[in-house]
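Coordinate-derived values only; no laboratory data. Computed from a predicted structure; not experimentally measured. Cβ placement follows ideal geometry from the backbone for every residue including glycine, while neighbour counts extend to all protein chains displayed.
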Amino acid sequence: MQAQANERPGAVVLLSGGVDSTTVAYLARASGYAIYALSFDYGQRHRRELDAAAAVARAVEAVEHRVVRIDLAGIGGSSLTGHGEIPTGGVTDGIPSTWVPARNHIFLAVASGYAEVVGARAIYIGVSQVDYSGYPDCRAEFLEAYQRAADLASKQFVEEGRSIPVVAPLLHLSKAGTVRLGLALGVDYGLTWSCYQGGESPCGVCDSCRLRAEAFAAAGAVDPLVGRPR
């Protein structure tokens, strides 16, 4: 594994174990990068997504898979960290209770530091602003502002003028488009996990399950977690 890292440029991939981050991990590998997978144990309701992330990291032959612990549950503000019930009424207008305040901002900050330490050339993140849950930190405006801040905080940028770009290849792609792209890349979506509830099988009613079901159906594909088009 380490030999591969020396032969190929590295990319840090923010890996949650879901459809989007998994597709991005496969895409980064197909683009010739050695993968440094970065996941977070941030106080989410279940560890199922971290198990999925570990499986995906093995599938893409990650050089490293780091799991960083950050207690975002301690600040509250999200049903994903146990503050309120997970909504099951379908995707609605506005920012839902499943948004975790500052999550992508914090995750990207850690990723930038990690990338500089390991000498990575890029940071990949699987956000999309097309059909998503309305999270403000999944938009191009946020990523553009973050990139400027990350450059100003980077030793190598200040001393050498070398930026570590944040790459969001799914930003303008629908989730159905993401599934089609992943299938073309050979993604094993049976390794992934999307449900906010955890458990042995997807609940099928939370926002994440609904978006996943709609994506597989629109892509004309079978979701391997349920074994039939949903």
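Taking every C-alpha pair closer than 8 Å and separated by at least 6 residues, the mean separation divided by the residue count of the chain gives a relative contact order of 23 percent.
Looking at the chain, send over the antiparallel percent of its DSSP beta bridges, to the nearest 5. Walk me through the intermediate numbers first.
Working: 1 of 17 bridges.
Antiparallel bridges: around 5 percent, rounded to the nearest 5.
The three principal axes of the C-alpha atoms in the stretch 151-230 carry coordinate ranges of 53, 27, 20 Å, sorted with the longest axis first. Taking the Cα atoms of the stretch 113-174, the ratio Rg/Rh between the radius of gyration and the Kirkwood radius comes to 1.03.
Judged by the gyration tensor of its Cα atoms, with axes a ≥ b ≥ c, the stretch 2-218 is prolate; a/c meets the 1.5 cut and a/b is the larger of a/b and b/c. Can you work out the FRET efficiency for the pair residue 130 and residue 158, with r the C-beta to C-beta distance and R0 = 25 Å, to the nearest 0.05? About 0.10, to the nearest 0.05.
Can you tell me the order of 37-43, 135-141, 65-71 when each peptide is scored by its average per-residue count of other Cβ atoms within 10 angstrom, highest first? Working shown, then result.
Values: 37-43: 21.9, 135-141: 16.0, 65-71: 13.6.
Order by mean packing, descending: 37-43, 135-141, 65-71.
Note on residue 67 and residue 97: with the Förster distance fixed at 35 Å, the Cβ-Cβ geometry gives a FRET efficiency of about 0.90.
Might you report the magnitude of the Cβ-based charge dipole of the chain about its Cα centre, with Lys and Arg at +1 and Asp and Glu at -1, to the nearest 20 debye?
Values: 20 positive and 23 negative charges, 61 e Å.
Computed charge dipole of the chain: roughly 300 debye.
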